[in-house]
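Read-outs throughout are calculated quantities, based only on the coordinates presented, and are distinct from any laboratory measurement. Note that the structure is a prediction, hence the values are computed from the model and not measured. Because the Cβ atoms are built from the backbone with ideal geometry, glycine has one as well, and the counts that use them run over all protein chains shown.
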Amino acid sequence: EKFKEGLTKTRDSFSGKVNDLVARYRKVDEDFFEELEEILIGADVGVNTVMELIDELRMEVKRRNIQDPREVQAVISEKLVEIYEAGEDISPRINMQDEGLTVILVVGVNGVGKTTSIGKLSNKLKQDGKKVLLAAGDTFRAGAIEQLEVWGERVGVDVIKQSSGSDPAAVMFDAIQAAKARNVDVLLCDTAGRLQNKVNLMKELEKVKRVIEREVQGAPHEVLLVLDATTGQNALSQAKIFSEVTNVSGIILTKLDGTAKGGIVLAIRNELKIPVKFVGLGEKVEDLQEFNAEQYVYGLFA
Ligand code: GDP
């Protein structure tokens, strides 16, 4: 339900246009496909993904000898789910360790909803019975530490911090020791999100990662990149940059409720081969959902 509600804007724009298209055409021809292509590109599905989808649709229409545009509509959903689920493991689940500490590094540009997502995710994990600890690794942005502490208090999770401007790798070291001493299940690590200086960002993330790797076997178990869905294709290019800097294992796509560009989910999946693990559907603590391709695609039309 929450998912459907969060997709309202994308659905209104996307399926409204598809419905209109289907109503206007008597038969499925080249013009029909061209208009459909435009609609999909407008929803930020991504050019490559759109091309793939349209090709698949063409073949399917031929194979099933579909004449009626209304029948194509059902095939669109089928194909969208297929495209999303194609390829390697697309489990939305977090790679959680059965025993011992799970370390999750959270990366992303300032303003995308990183702190909010960490807060929401801690709450979710806590509800699952996990003991959670936060590491205030964004020592660069003014107010970042305090903001994380506010979320920590809100959801009842401790925050390990140092003063603003201190070395994030040192914060991580402290946080890991604390996590081990307190028998914590999941350590969520915030990081700085300045993209202006890619070299520094890379160095900082590498150093942070090295400490985590050294202190906890097999860690970080997840590197979650937070992206703002309202930025459309910009989110895609941020994902590309972060993938160059570090091994991104999953995406938290925020503000899906505030955009008609929800098609970006498919573009990210198809063009970067990184699964969307969670979506943000609002500002409140409960507004974070595990991603589900079928729910998502059917939410676009339902
Ligand atoms: P950060 O700089 O990346 O840590 O970003 P914040 O966590 O401070 O979030 C920036 C703004 O986006 C805040 O006003 C949040 O309430 C808002 N926000 C975060 N996630 C969502 C979401 O899923 N939906 C909506 N509508 N707003 C969000």
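Couple of notes before you dig in:
- The mean sequence separation of alpha-carbon pairs under 8 Å and at least six residues apart, normalised by the residue count of region 205-293, gives a relative contact order of 24 percent.
- Each Lys and Arg Cβ is given +1 and each Asp and Glu Cβ -1; about its Cα centre, the chain then shows a dipole of about 600 debye.
- Calculated [222 nm] ellipticity per residue, helices only, for the chain: -16500 deg cm²/dmol; basis is -39500 (n - 2.57) per DSSP H run with n ≥ 4, divided by all residues, nearest 500.
- Cβ-based charge dipole, region 110-209, positive-most Cα from T191, A175, Q147: T191
- Calculated from backbone phi, Karplus (6.51, -1.76, 1.60) coupling profile of region 41-57 in Hz, x at Gly/Pro: 5, x, 8, 6, 5, x, 4, 4, 5, 4, 4, 4, 5, 5, 4, 4, 5
- With a cut-off of 11 Å between beta carbons, the residues surrounding G46 carry a summed charge of -1, where Lys and Arg count +1 and Asp and Glu -1.
- Estimated D of region 14-106 in µm² per second, where Rh is the Kirkwood radius over Cα pairs and Stokes-Einstein applies at 4 °C, 1.567 mPa s: 85 µm²/s
- Relative to the Cα centre, the charge distribution of region 223-271, modelled as +1 at Lys and Arg Cβ and -1 at Asp and Glu Cβ, gives a dipole magnitude of about 60 debye.
- Here the contact order of the chain, divided by its residue count and restricted to Cα pairs under 8 Å and six or more residues apart, works out to 28 percent.
- Region 1-119, relative contact order [Cα under 8 Å, separation at least 6], %: 21 percent
- Nearest-ten-degree value, helix 8-24 long axis tilted from longest Cα axis of the chain: 10 degrees
- Short to long, the 20 Å bins of the Cα pair-distance histogram for the chain hold 34, 50, 15, 1 percent of all pairs.
- Fewest-first ranking of V75, V61, V279, V28, using other Cβ atoms within 10 Å as the exposure measure: V75, V61, V28, V279
- Near the amide H of E222, within less than 5 Å, lie the amide hydrogens of V103, L105, all on another chain or at least 5 residues away, with H placed in the peptide plane.
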